Amino acid sequence: MSPGKRDALVSREAKSTIQKSVPQNLMSNKGEQYYKVRYDWEFSKFLTSSKSALSKIHKEYPNDCVARDVSAQEKIWRSVIHLQRVIFGNGDAWSEYRRSKLLRDLHDSFFQLTTKRFISRSNFECCLLKASCGYRHRTAKDEKLVIVLDTVYNSFDVLSKEAFDWRRFLFYFHFVLDPRKSAKDQLLSAFSKIGSKSCTDLQDLSLILFPLVKADIAKDVQCVLDEAWAQVKASQQEMDENLGSTKLTMKKFQQMLEVKDVDGSFFDQSKSAWGKGRIFPVYIYQWEEAFYNKTLLRLVKSSRREETIKDKLVRDNSRTKLYAWRQWLDFAKYQSSLRTTLKTLNCRMELRRKFRGLMAFSQWAANQHAALEIQRVGRGFLGRTVARNCLVIYLSATMIQTHSRMYLAKVKLNELSSRYYCAIVEVQRNIRGALGRRLAFRKLMTLVEQEHLNNIKERERLEME
């Protein structure tokens with residue numbers, strides 16, 4: 001309803017209310033003039049106050065809405081970070097496998113209880129307690145966890161509907177557990193967890209951007225992404241086919257983030273001097289510095305700084321190990337040179353001793369080789385004589401066996417050929433007999449049919465007579 005129509009409706013209702021309050025018997029002469037003046041004054045006062053109130057509401061409502069969303073973002077991030085610290089503590093006792101298993105169990109529990117993306121307070125607390133603590137008796141720490149869960153639920157349930165989208169909570173929880181990812185990866189993760197993995201609408205993009213963009217500049221960011229969507233849509237030549245479709249898939253959303261204007265202005269490293277020292281270099285992207293709120297940016301900076309410190313300690317440890325290794329290697333090389341010199345001397349002495357023994361052994365070996373050669377020639381002559389006789393015997397036996405096998409094969413062949421011939425004759429006899437009987441049967445049936453027709457004609461002739 002427009003403001004002009006709303007003012008007309010208010011003025012009409014005010015007139016009807018004041019007219020009803022005036023009694024009919026006093027509406028004459030002075031009384032009528034008095035109530036008319038009073039009515040005009042009250043009506044003008046009411047109309048002026050209502051217009052000012054409505055204009056004030058129209059001016060302040062958008063600002064109040066944005067301020068409410070900004071405070072809600074801060075409250076949500078603080079509550080989720082507090083929940084993560086209560087569940088995981090300092091994080092030393094939780095391995096990467098246990099963290100991923102808790103997230104999987106939490107997703108499965110939410111999905112089993114509420115498949116329509118909205119979860120109640122009791123189900124939310126039940127799923128968190130089941131995934132983090134398991135089935136056991138409640139302790140004082142669990143009571144503290146319940147209080148924190150109540151705070152988290154209240155921060156998400158801004159409108160007090162006693163229900164909120166549990167996929168949003170899962171994205172916040174995933175982000176808090178691993179805030180070291182780049183802004184582009186976090187946006188893709190938000191699209192897959194808050195939106196739909198297959199397809200979502202471009203008008204629902206504000207829900208995906210809400211955790212990662214401050215509420216007071218969300219419209220500007222959405223306008224930039226709308227232009228990127230238009231460029232992607234035009235590049236794919238789909239304007240004629242789906243002109244009114246605003247469906248957005250994961251692939252298109254990734255292409256939107258890779259558009260030159262978006263990628264070059266938002267996802268490059270920040271030019272600020274924070275954390276870019278040589279000892280602890282911490283890199284922040286322009287998207288994070290421009291669009292993250294204070295709590296979220298502080299979380300990202302601290303996590304990446306801790307990771308950088310760990311990497312620096314690992315590098316220092318590796319350098320120390322490398323220096324110790326080089327010192328030990330120099331000492332090992334010196335010891336190796338000493339061992340090589342002593343080994344060379346021992347080898348020379350051993351070579352001289354072995355050379356004298358080798359000369360004596362060579363003379364004895366020459367005599368042995370001459371005797372072996374004489375024995376070889378004699379044994380070869382005798383062996384060839386015996387082998388020649390054995391060959392003659394072997395060839396004779398082979399010839400006898402060949403002729404005997406040929407005779408047996410011919411006898412077997414004649415027997416099989418006679419059987420085969422008899423079988424062929426028998427088969428031909430049976431086939432010819434069957435064909436002859438079939439031909440005789442056909443001729444017989446032809447004669448019977450002809451006789452039957454003649455009988456019918458004869459009967460018809462007799463009936464005609």
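For the set 185, 142, solvent exposure ranked by accessible area (probe 1.4 Å, protein chains only) runs largest to smallest as 185, 142. Per residue, the Cα convex hull of region 314-376 amounts to 98 Å³. Take region 326-465, drop everything but the C-alpha atoms, weight them equally and run the Debye formula without solvent; then report log10 I(q)/I(0) at 0.22 Å⁻¹ to two decimals. Those come out to -1.24, one per q. Of the trypsin sites (Lys or Arg not before Pro) found in region 74-131, those that fall in a DSSP loop while having at most 16 other beta-carbon atoms within 10 Å are 116, 117. Within the assembled protein chains, the solvent-accessible surface assigned to residue 320 is about 90 Å², based on a 1.4 Å probe.
Whenever you get a sec, line up 87, 374, 217, 431 from highest to lowest accessible area (probe 1.4 Å, protein heavy atoms). Please list the in-between numbers first.
Working: 87 15, 374 130, 217 40, 431 90 Å².
I get 374, 431, 217, 87, largest accessible area first.
Rolling a 1.4 Å probe over the protein chains gives residue 403 an accessible area of about 110 Å². In terms of modelled amide H atoms, which long-range or inter-chain residues lie less than 5 Å from the amide H of residue 248? Sorted by chain and number, the residues that satisfy this are 200, 201, 202.
Within region 304-379, none of the trypsin sites (Lys or Arg not before Pro) combine a DSSP coil assignment with at most 16 other C-beta atoms in a 10 angstrom radius.
The charge dipole of region 317-451, taken about the Cα centre with unit charges on the Cβ atoms of Lys, Arg (+1) and Asp, Glu (-1), comes to about 860 debye, rounded to the nearest 20.
Using a probe of 1.4 Å, the accessible surface attributed to residue 94 totals some 40 Å² when neighbouring protein chains are kept in position.
With every protein chain kept in the model, how would you rank 224, 411 by accessible area, 1.4 Å probe, largest at the top? Please report the intermediate quantities before stating the final value.
Details: 224 50, 411 70 Å².
Reading off the accessible areas and sorting them downward yields 411, 224.
The values are calculated or read from the model by the stated rules, or taken from the named source; none is laboratory data. Bear in mind that the values here come from a model prediction, so they are computed numbers and not experimental data. No Cβ is skipped: glycine too gets one built from the backbone with ideal geometry, and neighbour counts run over all protein chains shown. Heavy atoms of the whole protein, side chains included, go into the accessibility calculation; ligands, DNA and RNA do not. Shrake-Rupley method; radii C 1.70, N 1.55, O 1.52, S 1.80 Å.
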